[in-house]
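Colleague: Let me begin by handing over the structure; questions about it come next.
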């Protein structure tokens, strides 16, 4: 269930709604063997969501912004769970980049490789999230929150 604040495109995030979606999607994505906590981030934060993972204990904490750029809570939850699903590949590729380019985060070659990897990872996770939502009959519109912010910022600059 998505709840919008009156007169705007902002989503109101509740812990109960996130936990309900988490339970649904843990089954669909075959993540039932994971212990996942949800925390709503009440402070100013640049992200809509994130997930912190302890692969050894199969535990994770999903962080959801109380004021996300995203306007589709279900899309946001699925996106973060797909990061959990792909975590092993993510860590292996980050390690490979570090092996190839070293520990110096200021090395432009390493920076280029990491940016390319994270761009590909994020676009792949988002494509998978859209596919899973569609295949599971989710009718809520996709979030255009990040684009809306860019548009809003650009229009403000022209005033």
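What follows draws every value from the coordinates through simple rules; no lab data is involved. Just so we're clear, the structure is a prediction, and the values are computed from it rather than from any experiment. Glycine also receives a Cβ, built like all others from the backbone with ideal geometry; neighbour counts cover every protein chain displayed.
Colleague: So for the stretch 1-156: antiparallel DSSP bridges make up what percent, rounded to the nearest 5? Walk me through the numbers before you get to the answer.
Modeller: Numbers: 8 of 15 bridges.
Of those bridges, close to 55 percent are antiparallel.
Colleague: Let me ask something else about it. GNM, the chain, Cα, under 10 Å: largest mean-square fluctuation among 126, 103, 44?
Modeller: It is 103.
Colleague: Can you sort 53, 151 so the residue with the fewest Cβ neighbours within 10 Å comes first? Write down the numbers at each step before the final one.
Modeller: Numbers: 53 19, 151 11.
Ascending Cβ contact count within 10 Å gives the list 151, 53.
Colleague: Pairs of Cα atoms under 8 Å, at least six residues apart: use those to get the relative contact order of the chain, whole percent.
Modeller: Numbers: 169 pairs, mean separation 33.7, N = 159.
The normalised contact order for the chain reaches 21 percent.
Colleague: Also: Would you please classify the overall shape of the stretch 107-148 from the alpha carbon gyration tensor, given that a ≥ b ≥ c denote the square roots of the eigenvalues, rounded means a/c under 1.5, and beyond that prolate means a/b larger than b/c while oblate covers the rest?
Modeller: On the way: a/c = 8.06, a/b = 2.30, b/c = 3.50.
Because a/c hits 1.5 or more and a/b fails to exceed b/c, the stretch 107-148 counts as oblate.
Colleague: Related question: Given the options 71, 119, 99, which has the most mean-square fluctuation in a GNM of the chain, springs set between C-alpha atoms less than 10 angstrom apart?
Modeller: The residue with the greatest mean-square fluctuation here is 99.
Colleague: Also, quick follow-up: Assuming a ≥ b ≥ c are the square roots of the Cα gyration tensor eigenvalues, decide whether the stretch 81-159 counts as rounded (a/c under 1.5), prolate (otherwise, with a/b larger than b/c) or oblate.
Modeller: Working: a/c = 4.41, a/b = 1.28, b/c = 3.44.
Taking the square roots of the gyration eigenvalues as a ≥ b ≥ c, the stretch 81-159 is oblate.
Colleague: Another question, if that's okay. Kindly put 51, 28, 64 in sequence by how many other C-beta atoms sit within 10 Å of each C-beta, fewest to most. Don't jump to the answer; show the numbers that get you there.
Modeller: Details: 51 18, 28 13, 64 27.
Lowest to highest Cβ neighbour count: 28, 51, 64.
Colleague: Quick one: P(r) of the stretch 26-79 from all Cα-Cα pairs, 10 Å bins, percents rounded to integers, in order of increasing distance.
Modeller: 24, 51, 24, 1
Colleague: If you take the square roots of the eigenvalues of the alpha-carbon gyration tensor of the stretch 3-157 and sort them as a ≥ b ≥ c, do you get rounded (a/c under 1.5), prolate (a/b over b/c) or oblate? Show your work: numbers first, answer last.
Modeller: Numbers: a/c = 1.85, a/b = 1.23, b/c = 1.51.
Judged from the Cα gyration tensor, the stretch 3-157 comes out oblate (a/c at least 1.5, b/c at or above a/b).
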